[in-house]
Amino acid sequence: MTKNLNVKKEYLLQNQELFGKEIFLDVIQKSSSFPNQLNTFKNNICNCEKCDLHKSRTNFVFGEGDKNASLLLIGEAPGAQEDLEGRPFVGRSGKLLDKILKAIDRDRFNDTYICNILKCRPPENRNPSLSEIDECKPYLNHQIKLINPKLIVTLGLVAASTLLGKDSSLKDMRNNIFYYMNYPVLVTYHPAFLLRSPSFKRNAWEDFKRIRDYIKD
Ligand code: SF4
């Protein structure tokens, strides 16, 4: 009981710090006019032109996986291959992510959903701009509400700092539980980073064991 109260208190304090009371309520209200089926929602927004990224995209990349997943993985934005295929986390980094998921006895279509904060690729894979995030994040927020996961995992520093509004290093964030829209969040590395820096795979494995154990409980 005390543990639950502490968790709730921690959540409320984090949300107050992240959004302020009014902005958090605004986020919830803004997304409430979207459809309550994931596929319908995708179809409704797939021709979005709210920010300039629509001009350079090949494909809108909504996300894929189990619509009732307990584990929701969130990256920052589609890359070149994702833009070409209209699917999240494909190409080399996607293959590595698939291997990591297999190691914790799941796959991207089994109790898992994968998406990004932005649904269209930023040119040259640059980081998302603040205005692009502002325009696109209500979509992610609604996606989260519809999937209603047990745990959110952010992949990479940009996704973590964008979602959590934190200016900390990934190293500092990855051993903590945060909260976003009432959902617990764990932070780990982006698979593209692990391909460039394989010595961090050991740390990533520790993170994914925690993720596996958290979902199991
Ligand atoms: S990135 Fe998001 S807000 Fe911008 S055009 Fe694509 S779907 Fe719309």
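The values are calculated or read from the model by the stated rules, or taken from the named source; none is laboratory data. The structure displayed is predicted, hence computed values, not measured ones. Every residue, glycine as well, gets a Cβ built from its backbone with ideal geometry; the counts of neighbours run over all protein chains shown.
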- prompt: Pairs under 9 Å by beta carbon, first residue in a helix (DSSP H, G or I) and of a type in the set (K, R) in region 25-41, partner surrounded by 13 or more Cβ atoms within 10 Å (Cβ to Cβ) and modelled with pLDDT of 85 or more, six or more apart or different chains?
  reply: K30/P138; K30/N141; K30/H142
message: Out of everything in region 109-150 that is within 25 Å of K67 (Cβ to Cβ) and acidic (D, E), what residue ends up being surrounded by the fewest Cβ atoms within 10 Å (Cβ to Cβ)?
response: D111
statement: Within region 42-62, restricting to residues that are part of a loop (DSSP other than H, G, I, E, B) and of a type in the set (V, I, T), the one that is nearest to the ligand (Cβ to nearest atom) is V61
Members of region 69-98 found to be out of contact with any helix residue (DSSP H, G or I) (no Cβ under 7 Å at 6 or more places or on another chain), in a loop (DSSP other than H, G, I, E, B) and touching a residue at least 40 places away in the same chain (Cβ under 8 Å), listed by number: A77, P78
- prompt: Considering region 124-140 alone, what residues qualify as being over 13 Å from P88 (Cβ atoms) and within 12 Å of the ligand (Cβ to nearest atom)?
  reply: P128, S129, S131, E132, I133, D134, E135, C136, K137, P138, Y139
message: Kindly evaluate L72 against the criterion of being more than 16 Å from the ligand (Cβ to nearest atom) and more than 17 Å from A192 (Cα to Cα).
response: yes
query: Of the conditions (1) out of contact with any strand residue (DSSP E or B) (no Cβ under 8 Å at 6 or more places or on another chain); (2) part of a helix (DSSP H, G or I), L140 fails just one. Which one is it?
result: (1)
- prompt: Which condition number in (1) over 19 Å from D111 (Cα atoms); (2) surrounded by fewer than 15 Cβ atoms within 10 Å (Cβ to Cβ) is the one that I177 fails?
  reply: (2)
Count - residues of region 51-61 that are in contact (Cβ under 8 Å) with a residue 60 or more places away in the chain and surrounded by 16 or more Cβ atoms within 10 Å (Cβ to Cβ): 5
message: Of everything in region 97-132, what is of a type outside the set (S, T, N, Q), more than 17 Å from the chain's Cα centre (by Cα) and under 21 Å from L157 (Cβ atoms)? Give them in sequence order.
response: P123, E124, R126
- prompt: Given (1) within 24 Å of L38 (Cβ to Cβ); (2) touching a helix residue (DSSP H, G or I) at 6+ places or on another chain (Cβ under 7 Å); (3) free of Cβ contacts under 8 Å to residues at least 24 places away in the same chain, where does D134 come up short, assuming only one miss?
  reply: (2)
